[in-house]
1. How many of the residues making up segment 8-47 are within 14 Å of ligand 2 (Cβ to nearest atom), within 16 Å of the chain's Cα centre (by Cα) and either farther than 19 Å from residue 214 by Cβ or surrounded by fewer than 21 Cβ atoms within 10 Å (Cβ to Cβ) (or both)?
2. Going by the conditions given, is residue 32 without any contact (Cβ under 8 Å) to a residue 40 or more places away in the chain and either within 21 Å of residue 158 (Cβ to Cβ) or within 16 Å of ligand 1 (Cβ to nearest atom) (or both)?
3. In the set 94, 98, which member is within 20 Å of residue 165 (Cα to Cα), modelled with pLDDT of 95 or more and in contact with a helix residue (DSSP H, G or I) (Cβ under 8 Å, 6 or more places away or on another chain)?
4. With away from ligand 1 (no atom under 16 Å from the Cβ), surrounded by fewer than 22 Cβ atoms within 10 Å (Cβ to Cβ) and either under 18 Å from the mean Cα position of the chain (by Cα) or closer than 19 Å to residue 190 by Cβ (or both) as the only criterion, which of 171, 134, 146, 86 stands out?
5. From (1) closer than 29 Å to residue 78 by Cα; (2) modelled with pLDDT under 95; (3) away from ligand 1 (no atom under 16 Å from the Cβ), pick out the condition that doesn't hold for residue 121.
6. Which residue, of 186, 211, is more than 16 Å from ligand 1 (Cβ to nearest atom), surrounded by fewer than 21 Cβ atoms within 10 Å (Cβ to Cβ), more than 16 Å from residue 145 (Cβ to Cβ) and under 13 Å from the mean Cα position of the chain (by Cα)?
7. Among the residues of segment 42-50, are any within 27 Å of residue 170 (Cβ to Cβ), in a strand (DSSP E or B) and within 13 Å of ligand 1 (Cβ to nearest atom)?
8. Has segment 103-115 got any residue that is surrounded by 22 or more Cβ atoms within 10 Å (Cβ to Cβ), touching a residue at least 40 places away in the same chain (Cβ under 8 Å) and closer than 18 Å to residue 184 by Cα?
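The values are calculated or read from the model by the stated rules, or taken from the named source; none is laboratory data. Note that this is a predicted model, so its numbers are computed, not measured. Don't worry about glycine lacking a Cβ; one is built from the backbone with ideal geometry, like all the others, and counts go over all protein chains shown.
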Ligand SMILES: Nc1ncnc2c1ncn2[C@@H]1O[C@H](COP(=O)(O)OP(=O)(O)OP(=O)(O)O)[C@@H](O)[C@H]1O
Ligand SMILES: [Mg+2]
């Protein structure tokens, strides 16, 4: 369970203050896929970076399974980023000189999974996302965009995080591949009991989510 309360983030720029995230409050359950929609510059990526502890809020709290993230020390924050949260990006962000399987295994290494379990776990994750077994040893450049995103999803879920943050995961894919990636995120969320927050510009994609939240100038509201 993710509980976000009164989250605020303002950027102070030469051109003035930008209230990127304003008093944002919402909850999301385990296994739930929540779409976040909103215009360019509305604060979607900023919100995800606060939830992923890539940036610090000015005010407000983030609680995951009863634990306040603000209470973590530096080591706890590093552990959170490598074990409790998974990221999926528009441009896949796989490591180009590693194979699909090695990309997943590296995430497990960062999460301090026992060495002897990593190979089997990586293979199971690639199977979960539907990558052909024969492609597990290929480097990203030898995979299609949809296949690369499947690998990125396998990597994000590998260490069994509670929270997956996906920023425009279908933005570089054609429509039908995008739809497949969203159904995959839904299946993985319910199978792994993780909360998935997915930022999208695409109305059709957002309709596949369990719930929709809209952000406008940093202010979040639930769409009925
Ligand atoms: N590091 C930063 N310093 C200053 N301003 C920033 C910074 N990051 C984001 N902003 C500003 O905060 C606002 C929200 O940006 P954000 O990237 O969260 O928008 P977004 O909804 O993800 O947009 P897009 O759909 O284009 O990705 C924008 O006005 C942006 O210019
Ligand atoms: Mg963005």
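1. Count: 1.
2. Against the criterion (without any contact (Cβ under 8 Å) to a residue 40 or more places away in the chain and either within 21 Å of residue 158 (Cβ to Cβ) or within 16 Å of ligand 1 (Cβ to nearest atom) (or both)), residue 32 does not qualify.
3. Exactly one of 94, 98 is within 20 Å of residue 165 (Cα to Cα), modelled with pLDDT of 95 or more and in contact with a helix residue (DSSP H, G or I) (Cβ under 8 Å, 6 or more places away or on another chain), namely 94.
4. On the way: 171 fails: away from ligand 1 (no atom under 16 Å from the Cβ); 134 fails: either under 18 Å from the mean Cα position of the chain (by Cα) or closer than 19 Å to residue 190 by Cβ (or both); 86 fails: surrounded by fewer than 22 Cβ atoms within 10 Å (Cβ to Cβ).
Going through 171, 134, 146, 86 in turn, the sole match is 146.
5. (2)
6. Working: 211 fails: under 13 Å from the mean Cα position of the chain (by Cα).
Among 186, 211, only 186 is more than 16 Å from ligand 1 (Cβ to nearest atom), surrounded by fewer than 21 Cβ atoms within 10 Å (Cβ to Cβ), more than 16 Å from residue 145 (Cβ to Cβ) and under 13 Å from the mean Cα position of the chain (by Cα).
7. no
8. Scanning segment 103-115 turns up at least one residue that is surrounded by 22 or more Cβ atoms within 10 Å (Cβ to Cβ), touching a residue at least 40 places away in the same chain (Cβ under 8 Å) and closer than 18 Å to residue 184 by Cα.
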